[in-house]
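Contents: one structure, followed by commentary.
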Amino acid sequence: MKKSERAHAADNSGHKKEDERTRGDGVHESQERVKSEVRDDLIRNSQPILANKSQMLGMPQFGLRDNLIKCELLKNEDAYTYIKNYSFFLGTYNVNGQNPKESLSPWLASTATPPDFYLVGFQELDLSKEAFLFNDTPKEPEWMLAVYKGLHPDAKYALVKLVRLVGIMLLFYVKAEHAAHISEMEAETVGTGVMGRMGNKGAVAIRFQFHNSDICVVNSHLAAHTEEFERRNQDFKDICRRIQFRQDDLTLPPLAIMKHNVVLWLGDLNYRISDLEVDHVKDLIAKKDFETLYNHDQLKRQMDEEVVFVGFTEGEIDFQPTYKYDTGSDQWDTSEKCRVPAWCDRILWRGKNIKQLHYQSHMTLKTSDHKPVSSLLEIGIKVVNEESYKRTFEEIVRHIDRMENDCIPSVSLSEREFFFQDVKFMQHQAKTVSVYNDGQVPCQFEFIPKLDEPTYCKPWLTANPAKGTSVDIDLEVFVNRSTAPELNSGQQQLEDILVLHLERGKDYFISVTGNYLPSCFGSSLSTLCLLREPIQDMPLETIRELVRSCHFYKSTAISDRFTDSYIFEPFHPRTVKAAIVKLLTISVLQEELFQQPGLRGEFEEIRDCLDTGSLDTLPGSNHSVAEALLLFLDALPDPVIPFSFYPQCLDCCSDSSRCRQIISVLPQCHKNVFNYLIAFLQELLKHSAHNRLDVSILGRLTIHIHCLFLCTLSADLESAGQFQTQRFILHKTHSVLSEDEQNGK
Ligand SMILES: O=P(O)(O)O[C@@H]1[C@H](O)[C@H](O)[C@@H](OP(=O)(O)O)[C@H](OP(=O)(O)O)[C@H]1O
């Protein structure tokens, strides 16, 4: 093809997948037979073993952890692979646009035993302008058939890949039994010819995985002419830079030639013999002084200068130059060009465990102005030992598990079980749980609610702080008016489990239990009125039974049968009723009663005294007893005037007769307690000269003791009701007082 024709040629040499050809149509019947042997299907259907690293890397379903496993597997490849030698026959032949005219067996079947692989490269397969313009040539199947026929007769081979760019073609055959271990087959082409892009020069390349080794094979035809050695160097670099194989996992970057374990490079590299006259060269050849000649070989010189094929090895050349002959003969070029003989056709390799068994030219072939060259390489391939692989895999998984576990926050707790002894009403008890970070990473903890529970602990318990990093946590138990009723009645026990949750870590369970000493505080009036002994002398089961019976009688409206009159009976000093009355034994002469706080310690003594019936008179100051009275009323589960009566009370607060009527229909024990309270308030007013209480102070006091009516009403009702409550109490107190006055008391 003339250079003028090429100038207008389309760029058919791009770096495109479409440029590859694996032909199977429009060929001679015999060629069809060859096609039937083409074993691409074997490759496509082959199921690479699990240890195949590329396959593993390519599997998109792998997550982060799996990627880590894959990386570790790659790093530890030596632990589960062994090296097994396979023979690779590499051939290169510039056929000068000729048709196959003779058997290729002298070249391809020149080994004593059949090689495992054939990688056969051609250059100048077709020099026609059609081939150049359209990248299409009838010579492709012809040469493919010639190759197929020329392969070693003692083995059956499968064609794995054919890739061609204009006249540069590479055929990859493999012994059929190895096909199943080939995967990740890719091919690329790159033109470096006219305008640095056209396919008259350039390279075709394939890559594949065989067992656990990845292999890249390049067939290149570099720039011609003696003086163009630097251009050839540049072609080499361009090929290395521009050939990029796509990976199955598209998230991975494309693979360059040099990224492979093994790189095999063959072709018409076109490096010439320089600085010697043609006759001198021929003379040296005649004397078989290849050593002298080789010192003038441009490729050797360029490689020595490390400007090209860095890291590659070429075996010793002990055959005469393969270029340039008169076609059909072994005569040196007798044309007017009279080219200086050169080792244009070369085979090099890069990688470990590679040994060259032969490197030779094949002079008997006379089709072209070049002689074909072959190299038989014994290449150590990494093959997986299934047992070792399994072991390595398991070790890696264990190691990663350990690493993951180390990253899981972890703490140790000073104790997991806490028992609070003899918890009493309004008595604070605390114990400390120390949380120590014994993990490898900082951690955050938080107590979290158990399933279907709104808060992380029962209302009588708090953990402080409930969140943090590393700390002593106070577990505090405190039973107040809202939690006492259910504990007194045995409906609830001091039993809870705290779930200490570590962010990104596990949960720790802390058991909190205790025994609660039942108290008058937080018990219902109806239950208290049935108790014949101090509450703490009663077995819990009996109290529970009494509560149940109270509920039952309440529901059947006959509770008064059981509570009626008890409160005013002469009390045995140890009864609970006595306890209630005791609360009303405050000295009415005490100044600022209800206006000064009591002492916490005295309250506890008063509480114990009431709950155990241990003393006839209450200990502590009047102020402490007054406060105990308020706390007692405040803790009643159902106020003295029960909730159910509340709407009527608010209605009738300005009508004294209706107020009296309501009081008359209260359950008997509530009525009695109410009357006791009112009598007590009257008593206080009678001694107002001493205690300085008057009706308005008592009215204000009712704000504090509005619990008589409203202790558990919602806030809005409370605010609306306070004023009414006050009026009701004042009214009632007044009315009782005025009655008393009328009665001359
Ligand atoms: O692939 P292309 O671009 O056609 O390159 C030609 C090819 O390399 C021929 O082998 C070469 O002939 P020789 O082997 O005789 O050197 C010719 O040189 P030429 O142009 O000097 O004939 C080159 O132009």
List, in order, the whole-Hz ³J(HN,Hα) value for each residue of the stretch 405-410 obtained from phi through the Karplus relation with A = 6.51, B = -1.76, C = 1.60 and θ = phi - 60°; use x for Gly and Pro.
4, 4, 8, 7, x, 8
In terms of modelled amide H atoms, which long-range or inter-chain residues lie less than 5 Å from the amide H of ASP214?
ASN261, VAL262
Spatially proximal aspartates and glutamates relative to LYS366 (Cα-Cα < 12 Å; intrachain offsets below 8 disregarded):
GLU102, ASP326, ASP330
Under the classification rounded if a/c is under 1.5, otherwise prolate if a/b is larger than b/c and oblate if not, where does the stretch 327-484 fall, given a ≥ b ≥ c as square roots of the Cα gyration tensor eigenvalues?
prolate
Total charge of the residues flanking PHE290 in space, meaning their Cβ is under 10 Å from its Cβ, with Lys and Arg +1 and Asp and Glu -1, is -3
Please work out the Cα center distance from the stretch 585-612 to the stretch 348-414, rounded to the nearest Å.
90
Distance in nm between pseudo-label sites at SER688 and THR327 (7 Å out along the Cβ direction from Cα)
14.0
So the label point goes 7 Å from the Cα of ASN67 along Cα→C-beta, right? Which residues of the stretch 229-268 then have their backbone N under 18 Å from it?
247-255
Once you order the gyration tensor axes a ≥ b ≥ c over the Cα atoms, which shape class does the stretch 144-283 get: rounded for a/c under 1.5, otherwise prolate or oblate by comparing a/b with b/c?
oblate
Cβ-defined net charge surrounding GLY97, 9 Å radius [Lys, Arg +1; Asp, Glu -1]:
-1
Give me a comma-separated list of calculated 3J(HN,Hα) values for the stretch 160-176, in order, Karplus coefficients 6.51, -1.76, 1.60 applied at θ = phi - 60°, integers in Hz, x for any Gly or Pro.
8, 7, 10, 9, 9, 10, 6, x, 9, 10, 10, 10, 10, 10, 9, 4, 3
Defining a contact as two alpha carbons under 8 Å apart and six or more residues distant in sequence, what relative contact order in percent does the stretch 220-368 show?
26
For LYS84, the aspartates and glutamates lying under 17 Å Cα to Cα, once residues fewer than eight places off in the same chain are dropped, come out as ASP116, GLU177, ASP214, GLU378, GLU386, GLU387
For the stretch 139-208 and the stretch 310-346, write down the distance between their C-alpha centroids in whole Å.
23
Diffing the stretch 260-267: the Karplus 3J(HN,Hα) column from phi (6.51, -1.76, 1.60, θ = phi - 60°), in whole Hz with x for Gly and Pro, holds 8, 4, 10, 10, 10, 10, 9, x
Residue-count net charge about SER410 - beta-carbon cut-off 14 Å; Lys, Arg +1, Asp, Glu -1
-2
Given the stretch 238-305 reduced to its alpha-carbon atoms as identical point scatterers, what log10 I(q)/I(0) does the Debye formula return at q = 0.19, 0.20 Å⁻¹?
-0.84, -0.88
For each pair in LYS75/LYS352; LYS424/LYS467; LYS337/LYS371; LYS259/LYS324; LYS300/LYS324; LYS70/LYS237, compute the distance between the two Cα atoms and list the pairs where it is over 25 Å.
LYS424/LYS467; LYS259/LYS324; LYS70/LYS237
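Rule-based calculations on the coordinates, nothing more; no lab input. What you see is a predicted model; the values in this text were computed from it and never measured. So basically every Cβ, Gly included, is an ideal-geometry build from the backbone, and we count neighbours across all protein chains shown.
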